[in-house]
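The values are calculated or read from the model by the stated rules, or taken from the named source; none is laboratory data. Source: prediction; values computed, not measured. All Cβ positions, glycine included, derive from the backbone under ideal geometry; neighbour counts span all protein chains shown. Side chains are part of the model used for accessible areas, which takes the heavy atoms of the whole protein and leaves out ligands, DNA and RNA. Shrake-Rupley method; radii C 1.70, N 1.55, O 1.52, S 1.80 Å.
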Amino acid sequence: MSSVKWRFTAVFLLLLLCTGCRRDKNTEPVQPPLRFAPPLASLQLKPVSRSPEKLLLRQRDTTILLHSGSSTVQFAEIPVLLPESVTGNEENFWSLGEYSCRNILRPLLNEELPQVKRILLDPGHGGHDTGAIAADGTMEKNLNLQLTLLLAEKLKQRGYTVFLTREDDRFLSLDARPEAIAGCQADLFISIHHNAAANHAASGYEIYAFNSFPETTDASRTVNSVPFALSAAKALKKLPVLPGRGVKFAQFKVLRLATCPAILVEAGFVSNPEEVKLLKQPEFHQNFAAQLAGFLPDLTNGKSIQRH
């Protein structure tokens, strides 16, 4: 092959290769634009990053991480277990039920908590109702009372008026506990418990608010309580010796009957042989009570009630 023909052939092949490269680049699949179902769109969250399985959203300084197919969202790095699952598909369309968006995520996005001055603390169980019993014989009712008495002192030091449903080892019905809210005109009800599970490896604290799903009548008890639940979970996150299990929702009777914002704290697992040793230590109870009390502002300093 002559040098002229060789050069012509080489140039032709080079042009063909470059054209093919440009064609491949121009025909790369383009990711569909991000779209939301109306309930999720109404929150007006800004996307930060996304993948086929995860979507990170933001409002001001708060981030929300959604996982497609999961009912757990990471809200400001706190797990929140919703009654509905998030869905995302290949068309980049993300959806979450109206109940979860309106009654849980929206109130969680509010920066301020309602004003609180009078708090009713409820040490769970008591009397013949021992609650869970650890393998070493430790009774939940006693741990509940010890922690609640410490929490009461911490809250009083921060300027709150505090009442207790019981101050000693006595039995109270589940109905009587929230009924005391009216008598003391409480702004907030906090029930203190310790957890137990068949899986003895289960560990950590968790915060509950009332589950009104699917909201057949009124979800106000959930709406008014979830900001307090998140604030408590965030405060306890500073307690490094015990893992956080996040914010959850249940139809516990004391939450269902409460006539003011109400949360239930499970402060650790007595069914975990190692964890119960920690739960029995006075120093741990002091630290737990101090951290939990910090989810509300110190009124003696005149601070506004801010969660962020």
Go through the range 234-247 and give me each residue that's open to solvent by less than 10 Å² (accessible area, probe 1.4 Å) and of a type in the set (V, I, T).
V247
Only one of E274, E266 that is touching a His at 6+ places or on another chain (Cβ under 6 Å) and either within 17 Å of G137 (Cβ to Cβ) or at pLDDT 95 or above (or both):
E266
Quick one: what pairs do we get from the range 90-109, first residue more than 13 Å from R35 (Cβ to Cβ) and polar (S, T, N, Q), second open to solvent by less than 10 Å² (accessible area, probe 1.4 Å) and in a strand (DSSP E or B), C-beta under 9 Å, 6+ apart or different chains?
S100/V73
Using the structure shown, decide if Q251 is without any contact (Cβ under 8 Å) to a residue 24 or more places away in the chain and either under 21 Å from K141 (Cα atoms) or touching a strand residue (DSSP E or B) at 6+ places or on another chain (Cβ under 6 Å) (or both).
no
In the range 191-213, which residues are over 28 Å from N142 (Cβ atoms) and in contact with an Asp or Glu (Cβ under 9 Å, 6 or more places away or on another chain)?
S212, F213
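Residues are listed down the side, and each one gets a yes or a no for (1) out of contact with any Leu (no Cβ under 9 Å at 6 or more places or on another chain); (2) surrounded by 19 or more Cβ atoms within 10 Å (Cβ to Cβ); (3) part of a loop (DSSP other than H, G, I, E, B):
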{"site": "F249", "(1), (2), (3)": "no, yes, no"}
{"site": "L255", "(1), (2), (3)": "no, yes, no"}
{"site": "L264", "(1), (2), (3)": "no, yes, no"}
{"site": "E275", "(1), (2), (3)": "no, yes, no"}
{"site": "L278", "(1), (2), (3)": "no, no, no"}
{"site": "Q286", "(1), (2), (3)": "no, no, no"}
{"site": "L292", "(1), (2), (3)": "no, yes, no"}
{"site": "F295", "(1), (2), (3)": "no, yes, yes"}
Of the candidates S271, S231, the one satisfying the condition of being of a type outside the set (D, E), out of contact with any Gly (no Cβ under 6 Å at 6 or more places or on another chain) and either buried (at least 23 other Cβ atoms within 10 Å of the Cβ) or part of a helix (DSSP H, G or I) (or both) is S231
Among helices (runs of 4 or more DSSP H) lying entirely in the range 76-186, which contain 2 or more residues that are out of contact with any helix residue (DSSP H, G or I) (no Cβ under 7 Å at 6 or more places or on another chain) and open to solvent by less than 70 Å² (accessible area, probe 1.4 Å)?
140-157, 176-184
If you scan the range 199-225, which residues turn out to be at pLDDT below 95 and of a type in the set (A, V, I, L, M)?
A219, V223
Selection from the range 116-138 of residues that are farther than 20 Å from P261 by Cα and in contact (Cβ under 8 Å) with a residue 40 or more places away in the chain:
H125, G126, G127, H128, D129, G131, A132, I133, A134, A135, D136, T138
Just wondering, is there one or more residues in the range 195-214 that are open to solvent by less than 10 Å² (accessible area, probe 1.4 Å), in contact (Cβ under 8 Å) with a residue 60 or more places away in the chain, acidic (D, E) and not in a loop (DSSP other than H, G, I, E, B)?
yes
